[in-house]
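Values in this text are rule-based calculations from the coordinates and carry no lab data. Keep in mind that this is a model prediction, so the values were computed, not measured. Don't worry about glycine lacking a Cβ; one is built from the backbone with ideal geometry, like all the others, and counts go over all protein chains shown.
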Amino acid sequence: MSYVKVSQLAKSFGDVTVFQDINFEIEKGEFITLLGPSGCGKSTLLRCLAGLNQVDDGELWVDGENITDVSPQQREIGMVFQSYALFPNMTVEDNVAFGLKMKGMSKPEARSEAKKMIDLVELDGKEKFYPSELSGGQRQRVALARALVVKPRILLLDEPLSALDAKIRKSLRQQILNIQQELNLTTVFVTHDQEEAMLLSDRIFLMDQGSIVQQGKPEDIYTKPANEFVASFMGHYN
Ligand code: ADP
Ligand code: MG
């Protein structure tokens with residue numbers, strides 16, 4: 001069995017179906033990109049993986065465990081959002097250590113674990129800074145450190161680069177990839193940006209209107225689009 005297995009996942013809000021019949025498997029250490037146009041259901045699917053939204057149907061398995069009904073806190077999943085969602089009144093160090101303290105880790109130990117992650121995202125020296133004193137890219141690195149510090153089984157990234165300008169976006173993109181490889185982290189990255197998906201992913205899951213219409217390696221999605229939507233979305237206009 002694969003490290004992550006999702007079967008027959010479905011989610012509606014009222015009588016609006018956001019997605020249905022979602023099936024995929026992910027191997028340990030894979031970098032998956034959930035790619036698709038705005039409104040196709042990417043964020044909702046990611047929130048369901050994190051347990052922030054309940055699913056209506058289907059099952060979610062991680063490492064042989066059925067986590068469909070497990071609370072978000074106990075899923076051991078880290079998440080980074082497009083907007084940083086840091087605590088504005090806490091220093092970088094306290095933001096990163098927060099999850100560990102919630103888990104009951106002692107203060108000195110939490111601080112030492114937080115320091116390792118702050119170094120990993122190359123923010124050493126910024127421990128005592130507040131979010132308002134950091135650039136957008138730096139804040140997003142704090143959010144990444146905060147997600148990683150609890151040693152998640154899966155890292156979920158919802159358009160973490162979208163709010164950043166082009167140069168910072170490029171460097172953070174590379175940094176995410178380096179860390180992902182170094183930690184062999186199973187990652188699901190959400191974007192509507194084809195170029196990001198092509199550059200980062202082991203495999204791409206391409207979504208359209210609440211369905212995954214194609215799963216495959218970037219080059220296969222690009223050269224062998226499964227239908228006209230995929231072809232046009234990947235930039236073939238013929
Ligand atoms: P994406 O991230 O791909 O842009 P979303 O998952 O945010 O797409 O949204 C998919 C659809 O679900 C949209 O039509 C959106 O309006 C709807 N939706 C998302 N969250 C809610 C909610 N909490 N209540 C009602 N509808 C929602
Ligand atoms: Mg979204």
Per the Kirkwood formula on distinct C-alpha pairs, the Rh of the chain is how many angstrom? 18.4 Å
Considering only the chain, what is the antiparallel percent among its DSSP beta bridges, to the nearest 5? 50 percent
Starting from the Cα gyration tensor of the range 174-238, multiply each eigenvalue by 5, take the square root, and state the resulting semi-axes largest first in whole Å. 24, 12, 10
Dipole check, the chain, charges on Cβ (K,R +1; D,E -1), about Cα centroid: among Ser71, Val96, Leu144 the Cα furthest to the positive pole belongs to Val96
The pairs in Lys28/Lys170; Lys116/Lys151; Lys128/Lys170; Lys42/Lys167; Lys101/Lys151 lying past 20 Å Cα-Cα in this model are Lys28/Lys170; Lys128/Lys170; Lys42/Lys167
Taking the Cα centre of the chain as the origin, how large is its charge dipole in debye, to the nearest 20, when only Lys and Arg (+1) and Asp and Glu (-1) carry charge on their Cβ atoms? 800 debye
Taking R0 as 35 Å, what FRET efficiency do you get between Lys151 and Ser12 from their Cβ-Cβ distance, rounded to the nearest 0.05? 0.55
At 25 °C and 0.890 mPa s, the Stokes-Einstein diffusion coefficient in µm²/s for the range 114-169, with hydrodynamic radius from the Kirkwood sum on alpha carbon pairs, is 205 µm²/s
CD proxy, 222 nm, the chain: helix-only mean residue ellipticity via -39,500 (n - 2.57) per DSSP H run with n ≥ 4, per residue, nearest 500, stands at -10500 deg cm²/dmol
Need one word for the range 99-219: rounded, prolate or oblate. Basis is the Cα gyration tensor (sqrt eigenvalues a ≥ b ≥ c); a/c below 1.5 gives rounded, then a/b vs b/c decides. prolate
Quick one: dipole size for the range 81-120, taken about the Cα centre, charges +1 on Lys/Arg Cβ and -1 on Asp/Glu Cβ, in debye to the nearest 20. 120 debye
Relative contact order of the chain: what whole-number percent is it, with Cα pairs under 8 angstrom and at least 6 residues apart? 27 percent
Tell me, rounded to the nearest percent, the portion of alpha carbon pairs in the range 56-111 spaced more than 12 Å apart. 74 percent
